[in-house]
1. Here are A:GLU182, A:GLU210, A:GLU112: which of them is among the acidic types (Asp, Glu), surrounded by 18 or more Cβ atoms within 10 Å (Cβ to Cβ) and at pLDDT below 95?
2. For the stretch A:131-145, which positions are farther than 16 Å from A:GLN213 by Cβ and without any contact (Cβ under 8 Å) to a residue 24 or more places away in the chain?
3. Within the stretch A:92-147, track down each residue that is within 11 Å of the chain's Cα centre (by Cα) and either at positive phi or within 12 Å of chain B (Cβ to nearest Cβ) (or both).
4. Kindly provide the set of residues from the stretch B:109-127 that are touching a residue at least 40 places away in the same chain (Cβ under 8 Å) and among the polar types (S, T, N, Q), ordered by number.
5. For the stretch B:416-428, state whether one or more residues are within 14 Å of another protein chain (Cβ to nearest Cβ) and at pLDDT 90 or above.
6. Only one of (1) more than 19 Å from the chain's Cα centre (by Cα); (2) more than 14 Å from chain B (Cβ to nearest Cβ); (3) modelled with pLDDT of 90 or more is not met by A:ASP16, so which one is it?
7. Filter the stretch A:169-179 down to the residues that are within 26 Å of A:HIS100 (Cα to Cα) and surrounded by fewer than 17 Cβ atoms within 10 Å (Cβ to Cβ) and list them by number.
8. Give the residue that is farthest from the other protein chains (Cβ to nearest Cβ), with candidates limited to residues of the stretch B:469-479 that are aliphatic (A, V, I, L, M) and in contact with a strand residue (DSSP E or B) (Cβ under 8 Å, 6 or more places away or on another chain).
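The values are calculated or read from the model by the stated rules, or taken from the named source; none is laboratory data. Since this is a predicted model, take the numbers as computed values, not measurements. Cβ placement follows ideal geometry from the backbone for every residue including glycine, while neighbour counts extend to all protein chains displayed.
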Amino acid sequence: MDYKELEKAMADLDEDTVLDMMKEVMNNGGEGVQEAMDACQKGMSEVGDLFEKGEYFVGDLIFAGEIMVEAMDIIKPALAGTGSKKLGRIILCTVKDDLHDIGKNIVKAMLEAGGFEVLDLGIDVPAEKIVETAKNENIKIIALSGVLTLALDSMKNTVQAFKDAGMRDQVKIIVGGNPVSEDACKAIGADEWAYSPQKTVKVCTEWAKELGQAQ
Amino acid sequence: MAVVTFLPSGKKLETEQEITVLQAEQLAGIPQDAPCGGNGKCGKCRVLADGRECLACRTKVRKDMTVTVLSEISRASILAEGMHTGVTVRPIQEGACHIAVDIGTTTVVAYFLDGKTGEILETQSTLNPQFPYGADVISRIQAALSGKLEELTGLIRESVWNLIRKLCEDQQKSVSSIGTVAIVGNPAMQQIFLGVSPKNLAAPPFAPVFTEAQERPLSEYFPVKSPGKLAVPPNIAGYVGSDTLGCVLATGMYREEKMTLMIDIGTNGEMVLGNSERMTACSTAAGPALEGGRLSCGMRGSEGAIDHVWLENGHPSYSVIGNTEAQGICGSGIIDAAAVMLDLGILNRRGRIQKDYSGEGKDRRYSLTDRVFLTQEDIREIQMAKGAIAAGVVLMAKQLGITLEEIDQVILCGAFGSYMKPESACRIGLIPPELQGKIKAGGNAAGMGSREMALDSEKLYLTDRLLKKIQFIELASIPEFQRVYALHMMFTEE
């Protein structure tokens, strides 16, 4: 199989070619599944770069995410046990009082493509649930998403909930979405903020290495 | 000298020369449809001159006259029906006159209605004075929730009252002789007008407060001592209001067997699809791009705005409202421009400007004139807006279990819908191309619905029954929404 072609098809958002090649991998008994996965991830990374350059925009990111999810669904059975989630686990969700999930889903696809295992808690997620999940699952990286200005309050409350639980020093928190800015990040008390999915992936990857959870 | 008064806009034009009504319309900045160029062939410039039907291009202005512009209010026959055929005058409170109000986030319009015939005798409009508190509904809600509710309520009541006073003054009627005032608006505007905190609209599940039609004493809201009543229609959902119900009433879609798609394009795009049996409604965050908002050279459809763009011998040509130098571009021009850019291969399928541009990265721009251009970011705004609306249409059809081909007619309400070229809307995929040829303009249907509710108590209370029939769908909660939205943000190449 031509993995370069697969990478290019992913970067070009050529859904049919990507899915056909994934099916081919499965028809061959899952041979080369790791390489196919890597090619998709590289393609996704190119999509992210094209987005930052202005060549692609949010619609293309959503679509790329859709293709990625479909592609992974096809090869999932062959992927099991290959240890492809080499950066460890991360919690991602849209905060309380915000029902928007498009941005979050894009980030999820990019994080997964980047090698994370993403625990997606969904939308409108209360602070307590995030803290509790981090505690029970022993997850150290938390990514909070939101679109409404109202989400900034919920993000702040979530950071506070980690403080109240005495866990603030044990976790890294990144916030992202339309209303988030440098100033908002400070007011919220998060460790980082992101304006693009690429930045989220970059920051979380660095954290995963710092925290020693990267394999 | 002759003075021409245009209805329903109320615009006036003074002229010394002997010109045609069509020329007068053009001078007054009224975008009259005249495809044959004023040669009396196409019949599209039909107007009512002093109540008599005629072609604007064939009629001379000789004396003071009143011209009812039909293209502004109705390229759609349906609205004309609502306007000119017999209406029942049987209001919740009798009076010498009645008032219909449509409170938009941007514009407030009030119609003075004859107490006997129900005819619209005068229209007045003004900018919503809450503008300084933010251009969109969300910022107004936030302002109201941060302690400014009373201010906002005061501003809008005063503004509506000023319109009513002006109308009554012009028509020489006392404000205390008003029988019924009907007020429609999106839920936030309606609640703020009534002084009800919009906190229900700030957080999920965005439940509407007004779920049934009500009548209230006028004196509670305005400085008037009279038995006058305020008609308050209900809302469909937190972001689909009584203005949308007004559109449903005015278009008559609720009593017809054929499938109608009603689209009211404003900052939010509210849509209803259905017929006399069943209806479904949704709201899309279309954003202000389609009204020219938030775009580099965007402006309202007033003098100096490019209102249409088309290809002539393979080169873009354009028209400017008022025939002056182009200062910007309004909604209808933007849709046309995007369609032309697609036809010329300037935009690719993903909306990237790929040739004939200056600037780089996100600042790529395509120039229409020395002053007016569209940037890459502008195209992105348009893509998001049109993707949201098209996705809404597709998912509503799915909800009703029908195909797009089974939709019999599309009625575009709001000013934008009257000026927009349907072919361009279909070309860029704002409206699915399957619906081309079925599109009509519905004018200010929300205002016309408000009129029906002001004049006829049965219509006001009919809204309660319509509510039961209309199923609201929250697009974002449909799993496929994301995919459909992303797909419809793209274009189709030639």
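1. A:GLU112
2. A:GLU132, A:ASN136 - these are the residues of the stretch A:131-145 that are farther than 16 Å from A:GLN213 by Cβ and without any contact (Cβ under 8 Å) to a residue 24 or more places away in the chain.
3. If the condition is that a residue be within 11 Å of the chain's Cα centre (by Cα) and either at positive phi or within 12 Å of chain B (Cβ to nearest Cβ) (or both), then A:GLY103, A:LYS104, A:ASN105, A:ILE106, A:LYS108, A:ALA109, A:GLY115 are the ones that fit.
4. Matches in the stretch B:109-127: B:THR123, B:GLN124, B:SER125.
5. Yes, the conditions are met somewhere in the stretch B:416-428.
6. Of everything listed in (1) more than 19 Å from the chain's Cα centre (by Cα); (2) more than 14 Å from chain B (Cβ to nearest Cβ); (3) modelled with pLDDT of 90 or more, A:ASP16 misses just condition (2).
7. Passing the criteria: A:ASN178, A:PRO179.
8. Selected residue: B:ILE470.
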